[in-house]
Amino acid sequence: MNMKNKSKKEMTHFGFQNVYKDKKTSLVSNIFHAVASQYDLMNDLMSFGIHRMWKQFMIYRSEVYVGCTVLDLAGGTGDLSIQFSRLVGNTGIVVLADINDSMLHIGQKKLRNLGILNNVIYIQADAEALPFSENTFDCVAVSFGLRNFTNKEQALFSMHRVLKPRGKLLILDFGVPTFKVLHKIYDLYSFHILPKIGKCITQDINSYRYLVESIRMHPDQETLKNMIIRTGFNNVEYFNMTFGIAVLHCAYKC
Ligand code: SAM
């Protein structure tokens, strides 16, 4: 490719770096291949286990019941799928979809070890081009996945398409903390302590630097709410958790 064409190509962010849009997905994929085997342990260590409460609140708001069809998108190691499989029972189905096969394999092993065999299926898929028919799911849930997507609006359109009318969208991710004083402590923890914990456990400081930087590049609560509205969803609301460190956005397809 000559320089003229290259300069025309669109850029996006990968953490604090600017990269070509068509390179971001594979860069993100490399990160999750690298951290997959230690992902669950690191989640507990980095959040002091609080991510479990955030996810529990997400499940509580999901309105999922016996017989529902649920998409756990960017589901990784399957924390949400475990809970959803219990809610939908034998007559429902949970699809655990992720772009990264290392994360999916760990998730599949974890669920099988818990005896979850019959109502969860595993699909390698890109959130921006979901391989499902229109109006398939009662609920689409994404926890800590959206900030990694290259084109978030494209992914939201794709989620809107596969949701049934009146289906529910749930997006859990990091937000902008609501207390100013918290920002400094949060920055100190995120930029100085967290990558070091990552290095101790996984010998991989760069992946955890990316994770922290991607949190800072993620849209704030109101910006994400407006993006969700723009992509066709209704009744959009959000809930700040732990002073806005994590945020749950909820919406419906009309
Ligand atoms: N949902 C899980 C949780 O809450 O623990 C995993 C979250 S992990 C931080 C982010 C996940 O998003 C990774 O498993 C990654 O492979 C997946 N991911 C990133 N980009 C994706 C894409 N374009 N489509 C589908 N999954 C993607």
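Filter the range 116-150 down to the residues that are surrounded by fewer than 17 Cβ atoms within 10 Å (Cβ to Cβ) and under 23 Å from S102 (Cβ atoms) and list them by number. L117, I121, I123, Q124, A129, P131, listed by residue number. Inspect the range 47-64 for any residue being more than 27 Å from K168 (Cα to Cα), of a type in the set (S, T, N, Q) and in contact (Cβ under 8 Å) with a residue 40 or more places away in the chain and give the result as yes or no. No, the range 47-64 contains no residue that is more than 27 Å from K168 (Cα to Cα), of a type in the set (S, T, N, Q) and in contact (Cβ under 8 Å) with a residue 40 or more places away in the chain.
Residue-by-condition table, conditions (1) modelled with pLDDT of 95 or more; (2) closer than 19 Å to I121 by Cα:
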position: K24; (1), (2): no, no
position: S29; (1), (2): no, no
position: H33; (1), (2): no, no
position: Y39; (1), (2): no, no
position: S47; (1), (2): no, no
position: Q56; (1), (2): yes, no
position: A74; (1), (2): yes, yes
position: S85; (1), (2): yes, yes
position: I99; (1), (2): yes, yes
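Looking only at the range 124-151, how many residues end up being more than 10 Å from the ligand (Cβ to nearest atom) and not hydroxyl-bearing (S, T, Y)? Selection size over the range 124-151: 8. Quick check: anything in the range 182-190 in contact (Cβ under 8 Å) with a residue 60 or more places away in the chain, in a helix (DSSP H, G or I) and either hydroxyl-bearing (S, T, Y) or away from the ligand (no atom under 16 Å from the Cβ) (or both)? For the range 182-190, residues in contact (Cβ under 8 Å) with a residue 60 or more places away in the chain, in a helix (DSSP H, G or I) and either hydroxyl-bearing (S, T, Y) or away from the ligand (no atom under 16 Å from the Cβ) (or both): present.
Within the range 71-94, does at least one residue satisfy the condition of being in contact (Cβ under 8 Å) with a residue 24 or more places away in the chain, loosely packed, with under 15 Cβ neighbours inside 10 Å and within 20 Å of L248 (Cβ to Cβ)? No, the range 71-94 contains no residue that is in contact (Cβ under 8 Å) with a residue 24 or more places away in the chain, loosely packed, with under 15 Cβ neighbours inside 10 Å and within 20 Å of L248 (Cβ to Cβ). Looking across T150, T136, one residue alone is at pLDDT below 95 and not aromatic (F, W, Y). It is T150.
Scanning the range 58-68 for residues that are touching a Cys at 6+ places or on another chain (Cβ under 8 Å) and either surrounded by fewer than 19 Cβ atoms within 10 Å (Cβ to Cβ) or modelled with pLDDT under 95 (or both) turns up R61, E63.
Restricting H160, H218 to those that are at pLDDT 90 or above and farther than 30 Å from G67 by Cα reduces the list to H218.
Taking the criterion of being crowded, with 21+ Cβ neighbours inside 10 Å and either away from the ligand (no atom under 16 Å from the Cβ) or in a strand (DSSP E or B) (or both), the residues of the range 153-173 that qualify are L163, G167, K168, L169, L170, I171, L172, D173. Whether a residue is more than 16 Å from T150 (Cα to Cα) and surrounded by 15 or more Cβ atoms within 10 Å (Cβ to Cβ) was assessed, and L194 passes this test. Considering only residues that are within 29 Å of G49 (Cβ to Cβ) and out of contact with any Pro (no Cβ under 8 Å at 6 or more places or on another chain), which ones fall in the range 237-252? Within the range 237-252, E237, Y238, F239, N240, M241, T242, A246, V247, L248, H249, C250, A251 qualify.
The values are calculated or read from the model by the stated rules, or taken from the named source; none is laboratory data. Bear in mind that the values here come from a model prediction, so they are computed numbers and not experimental data. Counting neighbours? That spans all protein chains shown, and the Cβs are built from the backbone with ideal geometry, glycine included.
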